[in-house]
Amino acid sequence: MARKIIIDTDPGQDDAVAILLALSSPEALEVLGITAVAGNVPLALTLKNARIICELAGKPDTKVFSGCDCPMARSLVTAEYVHGKTGLDGPVLPDPVMPVQDQHAVDFIIETLRTEPSGTVTLCPLGPLTNIATAFDRAPDIAERVQEIVLMGGAYFEVGNVTPTAEFNIYVDPQAADIVFKSGAPIAVMPLDVTHKALVTKPRNDAFRALPGPVGHAVAEMTDFFERFDREKYGSEGAPLHDPTVIAYLLQPELFKGRHINVEIETTSELTMGMTVADWWGVTDRTPNATFMRDLDADGFFTLLTDRIARL
Ligand code: BDR
Ligand code: CA
């Protein structure tokens, strides 16, 4: 039976590829809904981009919900310098015509977790954790009903990409991240330590471009655009596909290796705001609350991704 998931997202080219991967795998994943949140770009654009991608995938019946337009306690920080003005710069794609659902994303998350059997819905956050934490805050009964939260966020060995110590998704809404990491729900984390190993090298980009149909070509154009930031900053070989690691983990968990450890979120120091303080070496007696990934079989990951994108 397909695993039921909610994708919470701020597309973003790498979010877009994650959505495509999920929508290409209906035998394994049932996408109950996609909830948009402000992050890489403001909410109006992430909501539009989520629908552009559903239509690109040929799945205009996917339910897309509008969520929170700003973090719980801080001003919104965006990342147009990485993703471009639209958040999805690169390919030229038509404006979406599919509808936005009437229900607010937070209400959808709460209602779904209350109505589906307990332990059968997995949350896949690919952006700041505002929608998820707001739902947990409003409905404290739902956290124990979550099957698993598999999220992209944080870093330990790679430290930060938006400040010296913080990764973007956690930095944008540290209060929300703190609520989620303290929620007691089972959590698997895809930090920069893993996602910086998921690099779209030239041969991997060529493989996307060579796929028949428009989707592979669009993915190649997205990663073409998205790579310049990491090339300039890190000298890396190509764009890191952060968010698709979340979906790949649901499809092939054996591609990943990590440790079940304690992870706390810095919410008070401006200097290290949003840092994921990960007790990788077990030097505290704090209770483990997350499986924090560190290694990825990158070739296996790109084989999975290319094969699945080819289905669309
Ligand atoms: C994360 O931030 C966003 O820019 C990406 O979409 C990803 O979710 C990486 O730090
Ligand atoms: Ca994202």
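The values are calculated or read from the model by the stated rules, or taken from the named source; none is laboratory data. For clarity, every value in this text was computed on a predicted model and none was experimentally measured. Don't worry about glycine lacking a Cβ; one is built from the backbone with ideal geometry, like all the others, and counts go over all protein chains shown.
Inside the stretch 273-312, can you point out the residues that are surrounded by fewer than 16 Cβ atoms within 10 Å (Cβ to Cβ) and of a type in the set (Ser, Thr, Tyr)?
Answer for the stretch 273-312, where residues must be surrounded by fewer than 16 Cβ atoms within 10 Å (Cβ to Cβ) and of a type in the set (Ser, Thr, Tyr): THR284, THR287, THR303.
Quick check: anything in the stretch 230-246 within 16 Å of ligand 2 (Cβ to nearest atom), of a type in the set (D, E, K, R) and over 17 Å from the mean Cα position of the chain (by Cα)?
Checked the stretch 230-246: at least one residue is within 16 Å of ligand 2 (Cβ to nearest atom), of a type in the set (D, E, K, R) and over 17 Å from the mean Cα position of the chain (by Cα).
Out of the stretch 1-37, which residues are in a loop (DSSP other than H, G, I, E, B) and more than 12 Å from ligand 1 (Cβ to nearest atom)?
Answer for the stretch 1-37, where residues must be in a loop (DSSP other than H, G, I, E, B) and more than 12 Å from ligand 1 (Cβ to nearest atom): MET1, ALA2, SER24, SER25, PRO26, GLU27, ALA28.
Looking at (1) closer than 13 Å to PRO96 by Cα; (2) outside any helix (DSSP H, G or I); (3) out of contact with any helix residue (DSSP H, G or I) (no Cβ under 9 Å at 6 or more places or on another chain), which is the one condition that is false for LYS59?
Only one criterion in (1) closer than 13 Å to PRO96 by Cα; (2) outside any helix (DSSP H, G or I); (3) out of contact with any helix residue (DSSP H, G or I) (no Cβ under 9 Å at 6 or more places or on another chain) is unmet by LYS59, namely (3).
Which is over 17 Å from the mean Cα position of the chain (by Cα) and either under 27 Å from VAL162 (Cβ atoms) or touching a residue at least 60 places away in the same chain (Cβ under 8 Å) (or both), of LEU312, LEU250, LEU296?
Answer to the check: LEU312.
Which condition number does ARG51 fail, the rest of (1) within 21 Å of LYS85 (Cα to Cα); (2) within 16 Å of ligand 1 (Cβ to nearest atom); (3) in contact with a strand residue (DSSP E or B) (Cβ under 6 Å, 6 or more places away or on another chain) being met?
(2)
Tell me the residue from VAL92, VAL17 that is in contact with a Pro (Cβ under 7 Å, 6 or more places away or on another chain) and not small (Gly, Ala, Ser), please.
VAL17
Which of the helices (runs of 4 or more DSSP H) contained wholly in the stretch 138-256 include at least 2 residues that are out of contact with any strand residue (DSSP E or B) (no Cβ under 6 Å at 6 or more places or on another chain), modelled with pLDDT of 95 or more and over 20 Å from ASP299 (Cα atoms)?
Fully inside the stretch 138-256 and qualifying: 168-172, 174-181, 214-234.
Being touching a helix residue (DSSP H, G or I) at 6+ places or on another chain (Cβ under 7 Å) and within 15 Å of ligand 2 (Cβ to nearest atom) is true for just one of ALA143, ALA185, ALA176. Which residue is that?
Answer to the check: ALA176.
Of everything in the stretch 87-98 that's within 22 Å of PHE208 (Cα to Cα) and in contact (Cβ under 8 Å) with a residue 24 or more places away in the chain, which residue is surrounded by the fewest Cβ atoms within 10 Å (Cβ to Cβ)?
PRO94
Can you tell me which of (1) on the phi > 0 side of the Ramachandran plot; (2) under 20 Å from the mean Cα position of the chain (by Cα) is the one THR276 doesn't meet?
With (1) on the phi > 0 side of the Ramachandran plot; (2) under 20 Å from the mean Cα position of the chain (by Cα) applied to THR276, the lone miss is (1).
Pairs only if they're at least six apart or on different chains, beta carbon under 8 angstrom, first in the stretch 52-66 and under 16 Å from ASP14 (Cβ atoms), second at pLDDT below 95 and of a type in the set (Gly, Ala, Ser); list them, first residue then second.
Sorted first by the residue in the stretch 52-66, then by its partner, the list stays empty.
As an exercise: evaluate GLU232 against (1) surrounded by fewer than 19 Cβ atoms within 10 Å (Cβ to Cβ); (2) touching a residue at least 12 places away in the same chain (Cβ under 8 Å); (3) within 16 Å of ligand 1 (Cβ to nearest atom) and give the number of the one condition it does not meet.
Looking at each condition in turn, GLU232 falls short on (2).
Restrict the check to the stretch 110-121 and report whether at least one residue is in contact with a Cys (Cβ under 7 Å, 6 or more places away or on another chain) and away from ligand 1 (no atom under 12 Å from the Cβ).
No, because not a single residue in the stretch 110-121 is in contact with a Cys (Cβ under 7 Å, 6 or more places away or on another chain) and away from ligand 1 (no atom under 12 Å from the Cβ).
Restricting attention to the stretch 147-157, report how many residues are more than 20 Å from ASP10 (Cβ to Cβ) and either among the hydrophobic types (A, V, I, L, M, F, W, C) or within 15 Å of ligand 1 (Cβ to nearest atom) (or both).
2
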